[in-house]
Each structure stands twice: as structure tokens, then as C-alpha cells.
Amino acid sequence: ADSPSYDAQGCLCCAGLVETHIHLDKSRIIDRCTPEPSRDNPNHMRRVAAVKSGFTVEDIYNRAKVTLENCIKQGTTRIRTHAEIDMPVGTKCIEALKMLQKEYAWAVDLEICAFAQEGLAKVPEADAALVQALEMGATSIGGAPNYDTDHPAHINRVFELAREYDIHVDLHIDSGHDPAAMDNMLVADLTEKYKYGGRVA
């Protein structure tokens with residue numbers, strides 16, 4: 001064929017790796033978190049929330065950059081990173097990740113998912129930050145309804161904003177005390193209702 005060719009000199013050539021779920025904004029903070037109390041009850045949400053007040057745009061940028069470079073070195077060419085907009089961080093992570101997205105566009109397609117980790121229902125500051133993140137260019141939206149006081153309100157708001165901005169949905173619904181407590185069915189129903197098949201993870 002007339003396509004360009006390249007002599008790989010015996011090396012294996014394949015498509016780049018795809019990282020569908022990473023939190024670059026939270027990477028490399030284990031040294032700041034309190035020791036894990038137990039494997040049965042790690043309290044990871046509380047431990048991370050306790051150190052978020054120290055996050056700055058520069059701090060997020062520097063930590064995320066090291067992790068991003070390591071992903072690239074291992075052959076990752078597409079990444080979706082979940083960027084938490086919870087207070088007091090707000091959109092600092094979006095600002096930092098947008099800089100990295102531009103700086104490393106030559107090597108990786110970095111998609112930013114604006115993400116409400118610690119709750120969205122009845123948290124107007126988080127809702128406002130989520131909207132601001134979308135205005136800043138986040139191209140997907142997500143949340144973790146299991147950590148919210150009102151699961152359906154959380155999920156419905158995510159879908160509402162996704163439709164308004166015409167972006168993909170990526171929700172953390174893999175947790176719950178039993179199958180009946182999980183939110184899979186509501187997410188599936190809304191996906192079907194809004195004809196969002198293929199756009200929800």
C-alpha cells in the first residue's frame with residue numbers, strides 16, 4: 001500500500017494503552033494522609049478529604065505531571081481523569097489539568113471528567129463548581145452517589161448537566177452494602193430514557 005512505513009527493527013508495535021479511570025488530581029498524596037486504620041475499614045474518603053485544603057493549582061499540577069509522565073512512559077496514549085470539584089478545592093484541579101492537557105497533547109489525549117466525589121445534593125457550592133468546571137472545558141461529568149445523602153438527586157443532576165452540555169457521563173456506582181442499595185438500575189433507566197446509550201460509564 002501507499003501508506004507511510006516505519007522500520008521498528010524487531011520491536012512490537014501496537015496501539016497505545018487506554019486508561020479509563022484515574023484520579024490525577026489525587027495522585028501522590030499518601031504521605032499526607034493519616035495511616036490506614038485497617039484494611040476492613042480504610043476510611044479513604046475521610047483521609048483524602050482531610051488533606052484537600054492543602055491542594056493548590058501548582059501542587060495538583062506538579063503531582064499530576066509526574067503521574068501523567070509515568071503513564072506516557074508505559075505507553076498510555078488516552079486517559080480519562082476524574083477531577084474532584086469538592087470544597088475547598090473547587091475548580092483548582094480543572095485549571096491544573098487543563099495546563100497538562102495542553103502541554104502533553106503531543107503524547108496523550110487527556111480527557112477531564114468533572115467529578116463530585118463527596119456529595120452534590122444539597123451542596124450548592126459543589127453544584128456551582130461542577131457547572132464552572134464544564135464551562136472551563138471538562139468534556140465528561142461524573143459523581144459518586146453512594147457518598148451523597150440523596151442518590152437519585154445526585155444522579156439526575158449529573159444527567160441533566162450532561163444533556164445540557166452534550167457530554168458523556170461517568171459515574172462511580174460500584175459501591176453499596178448490598179445489590180439492592182446500588183444505583184445501577186436508575187442509571188440504566190436514565191440512559192435509556194435520554195437515549196444516552198454508548199455515552200455512559
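Since every read-out is calculated from the coordinates, none of them should be taken as a lab result. It should be emphasised that the depicted structure is a prediction, and the values quoted were computed from it without experimental measurement. Using ideal geometry, Cβ is built from the backbone for each residue, glycine included, and neighbour counts are taken over all protein chains shown.
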Can you give me the distance in nm between label points at T34 and K193, each placed 7 Å from the Cα along the Cα-to-Cβ direction? 4.0 nm
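Note down the magnitude of the dipole of the chain about its Cα centre, charges +1 on Lys and Arg C-beta and -1 on Asp and Glu C-beta and zero elsewhere, to the nearest 20 debye. Present the calculation step by step, with values, prior to reporting the outcome.
Working: 21 positive and 31 negative charges, 72 e Å.
In debye, rounded to 20, the chain gives about 340.
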The chain: most fluctuating residue of Q74, Q117, Q132 per GNM, C-alpha cutoff 10 Å: Q74
Give me the angle, in degrees from 0 to 90, between the Cα long axis of helix 57-73 and the longest principal axis of the Cα atoms of the chain, rounded to the nearest 10. 50 degrees
Considering only DSSP beta bridges where both residues belong to the chain, give the percentage that are antiparallel (nearest 5). 0 percent
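Take the cross-link list K26/K52; K52/K102; K122/K193; K52/K92 and give me the ones stretching past 19 Å between alpha-carbons. Mind dumping the intermediate values first?
Working: K26/K52 9 Å; K52/K102 24 Å; K122/K193 25 Å; K52/K92 11 Å.
Result: K52/K102; K122/K193 exceed 19 Å.
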Most mobile of C11, C71, C113 in a GNM of the chain (Cα contacts under 10 Å): C11
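So if R0 is 41 Å, what FRET efficiency would V57 and A1 give, r being the distance between their Cβ atoms, rounded to the nearest 0.05?
Details: r = 47 Å, r/R0 = 1.15.
According to the calculation, E is roughly 0.30.
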Of A188, A83, A49, which has the largest mean-square fluctuation in a 10 Å C-alpha GNM of the chain? A188
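Roughly speaking, what % of Cα-Cα pairs in region 74-135 are separated by over 18 Å, rounded to a whole number?
Numbers: 687 of 1891 pairs.
So the portion of pairs separated by more than 18 Å is 36 percent.
Compute the convex hull volume of the Cα atoms of region 110-200, divide it by the residue count, and report the result per residue in Å³ as a whole number.
Working: hull volume 8.3 nm³, N = 91.
Convex hull of Cα atoms, per residue: 92 Å³.
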Can you give the angle from 0 to 90° between the axis of helix 92-103 and the longest principal axis of the chain, with both taken from C-alpha atoms, to the nearest 10? 10 degrees
